[in-house]
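The values are calculated or read from the model by the stated rules, or taken from the named source; none is laboratory data. Computed from a predicted model, the values in this text were never measured in an experiment. Virtual Cβ from ideal backbone geometry, glycine too; neighbours counted across all protein chains shown.
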C-alpha cells in the first residue's frame, strides 16, 4: 500500500462505515470489477467444459441455415419434448453455425468445411441437413450412411419417392439422403426453399445410428 493510501486509511479510521466504503470504492473499484469479471469468465469456462464432456443424446447439423439463432426455431426443443429426453444429462445438440458457399474457397468456407470434416472424423454428428451439393462433395468419402440399410421399412417407404442418390466412380448407387421439401418442420428455415430444398442424411461415422433414425422418424411424423 502506498504511503498516501496509508495516511488516508489512517484518517478514515474513526470515520463512518459509509465513508470508508466510499473511499474504498473510489480507489479500488477497477480491481474489484476485474476480479468479478475474472470469476464470471472462469465459471462460464468451467460450465462450458463440463457441458461439452456430457455424451449428447443426438447431434444434428443444419448446414447453410437461415436462422441467426437456434432460438428462432423450436425444432430441437419439440423433438426433445416428444421423446422425454433429459437434456441435463444427455444434451441434444443443434448446430446451425456451419455455412459454406459452393465453389468458394474463402476463409470462412474453408474453416466451416474443416469443422464439418472434424465432426465426421470424431463421430460427433448423427444427422446432417443441408443443400444437395454439400452431400455431393463429401459422399465420395463415405461420409453418409445407406438409408436403405439404416432405415426401418416403414420409414424407408415414406421417403423412397424423394431419395437422394450418390453414384460412386464404379457406377454403384446408394440413397444417402432424402429431400425434405415436404416437411414443414424443415421448410420453416429461411435458408431453404422449394428451389433449394434441404436434404436429410445420416452421418456415416455416427456412433448413435438409432438416435439418427429416431430423429428422422420425428421429422416424418
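List of remarks:
- Check on residue 112, under 14 Å from the mean Cα position of the chain (by Cα), part of a helix (DSSP H, G or I) and at pLDDT 70 or above: yes
- Residue that is nearest to residue 209 (Cα to Cα), among those in region 131-159 that are touching a strand residue (DSSP E or B) at 6+ places or on another chain (Cβ under 8 Å) and at pLDDT 95 or above: 150
- Within region 133-221, strands (runs of 3 or more DSSP E) holding 1 or more residues that are under 19 Å from the mean Cα position of the chain (by Cα): 199-202
- Checked against the criteria, residue 88 counts as at pLDDT 65 or above, exposed (fewer than 10 other Cβ atoms within 10 Å of the Cβ), in the same structural domain as residue 197 (by TED's automatic domain parsing) and at negative phi.
- Considered as a group, the residues in region 99-112 that are without any contact (Cβ under 8 Å) to a residue 24 or more places away in the chain and over 19 Å from residue 68 (Cα atoms) include one that is surrounded by the most Cβ atoms within 10 Å (Cβ to Cβ), and that residue is 110.
- Meets criteria (touching a helix residue (DSSP H, G or I) at 6+ places or on another chain (Cβ under 8 Å) and surrounded by 13 or more Cβ atoms within 10 Å (Cβ to Cβ)) for residue 191: no
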